[in-house]
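Computed from the coordinates by the stated procedures, all read-outs in this text should not be read as laboratory data. Predicted, not measured: the structure shown is a model, and the values here were computed from it. Cβ placement follows ideal geometry from the backbone for every residue including glycine, while neighbour counts extend to all protein chains displayed.
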Amino acid sequence: MPRTPLSRPLSLATALVLVPLALAGCTAKAGSSAHGVVSVKAGDSSCEVSTTSASTGNTTFEVTNTGSKTTEFYLYAEGDRIMGEVENISPGLSRRLIVEVPQAGSYTTACKPGMVGDGIRGDFLVSGDTVQGDTDTKLDDATDSYQRYVNSQADALTAKTAEFVVAVKAGDVALAKTLYPVARTYWERIEPVAESFGDLDPITDGREDALEPGQELTGWHRLERDLWRDGLQPDSVAMADQLQTNVNEVSTRARTVELSALEMANGAKALLDEVATGKVTGEEEAYSHTDLWDFRANIDGSEAAIASLRPVLQERNPDLVPTLDARFAAVDQALTALQAGDGYVLYDQLTPEQVKDLSDKVDALAEPLSSVAGTVAE
């Protein structure tokens, strides 16, 4: 998650310092949603949530951007674990987010104007009995299928990152440059799972333009800068070792996450949002310009989630499936046309027409993909 600031998970102490400041702009009315729609008015310096509480189960947030900056909205569990998120909400537009919260507890809402920083946060209390998972065996099969996919990608992520780290530590810049986008492919395919670990994602995948004063660039993008702009630095080896340690931990934790079908549906959309906000704009890979590798991987991950949910979607909303197939196929075709050797054309070599074509196809896919969560939640 490149835009995520490095400050959020650096330490509990840091988080505790930041929360009161963020709350200054947050307002909410007392009361419970009782599974109704929770409206969120996300301004440039405010985050008005219509209620501070809800019952266990599915909660729907209707987020309206009333500000002048593109924004995003999150619901966090303890430790800044992301329960649900919706990104890339342009000024004046609204987006719906359905989040499954099976257990009572204290949660946190956050609007992020400009899609940077810790966001404007507020408390959100969930009460009630623990909600058992859906008894639909098709949903169970879907989550089992997708978990196997996550496990396979986590295994490959660990292995390919190790190859990349060995090349960096050996000072083989040419080989490291070749391995960098390949290793990141496995991270990007399961990015919603990887970034759900709020203590690891920013220091592993944080982006330089999201840094705040006093913060240090680490992880993938620090090594990207060393390899493509600055040359290897005295601490590049230490950075590579740190990356491997953090990736290993992410891979281990990814196997323990118990995903629900609704989280899979939200994750499929989140991956497309990642494409829209970072890859199709060329902001993610500022030095290597290997954005299309990440683009391809995000689409792969989104398609994998939808493939696992396919039997459910065919049963509950059969008209949606062929539309999704056609829109995914259009994106696939556009990416295939931009292949170069074993990879893709670098972003800074794309023409404005090619960027617009990719953006249009992503936008066309976003519409039916946003219907998946609602279908799963029925």
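Numbers below:
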quantity: Per-pair calculated FRET efficiency, R0 = 41 Å: residue 357 and residue 155 via Cβ, rounded to 0.05; calculated: 0.75
quantity: Among 88, 102, 77 - extreme Cα towards positive end, dipole of the range 73-124, charges at beta-carbon; calculated: 88
quantity: Segment residue 62-residue 253, length gained on full extension (0.36 nm per residue, minus Cα span); calculated: 65.7 nm
quantity: Simple spin-label estimate for residue 375 and residue 103 in nanometres, 7 Å along Cα-Cβ; calculated: 3.1
quantity: Long-range amide H partners of residue 83 with built H, under 5 Å; calculated: 75, 76, 77
quantity: Alpha carbon centroid spacing (whole Å) that separates the range 54-116 from the range 177-236; calculated: 25
quantity: Cα→Cβ-extended label distance, 7 Å offset, between residue 131 and residue 283, nm; calculated: 3.2
quantity: Backbone HN-Hα couplings from phi across the range 249-264 [Karplus 6.51/-1.76/1.60, Hz, Gly and Pro as x]; calculated: 5, 4, 4, 5, 5, 4, 6, 9, 6, 9, 7, 9, 4, 5, 4, 4
quantity: Per-residue ³J(HN,Hα) for the range 46-55, Karplus 6.51 cos²θ - 1.76 cosθ + 1.60, θ = phi - 60°, Hz, x for Gly and Pro; calculated: 8, 9, 8, 9, 5, 8, 9, 8, 7, 8
quantity: FRET efficiency for residue 96 and residue 166, using Cβ-Cβ distance with R0 set to 35 Å, rounded to 0.05; calculated: 0.20
quantity: Computed helical MRE - 222 nm, the chain, DSSP H runs ≥ 4 contributing -39500 (n - 2.57), nearest 500; calculated: -15500 deg cm²/dmol
quantity: Selection of trypsin sites (Lys or Arg not before Pro), the range 201-260, meeting DSSP coil and at most 15 other Cβ within 10 Å; calculated: 255
quantity: Estimated FRET transfer efficiency when R0 is 25 angstrom, pair residue 173-residue 335 (beta carbons, to 0.05); calculated: 0.35
quantity: Placed amide H near residue 43: partners under 5 Å, 5+ positions off or other chain; calculated: 48, 66
quantity: Residue 314-residue 144 pseudo-label distance in nm [points 7 Å out on the Cα-to-Cβ vector]; calculated: 1.7
quantity: The range 219-378 - Debye-derived log10 I(q)/I(0), Cα point model, q = 0.08, 0.11, 0.16, 0.20 Å⁻¹; calculated: -0.29, -0.54, -0.99, -1.24
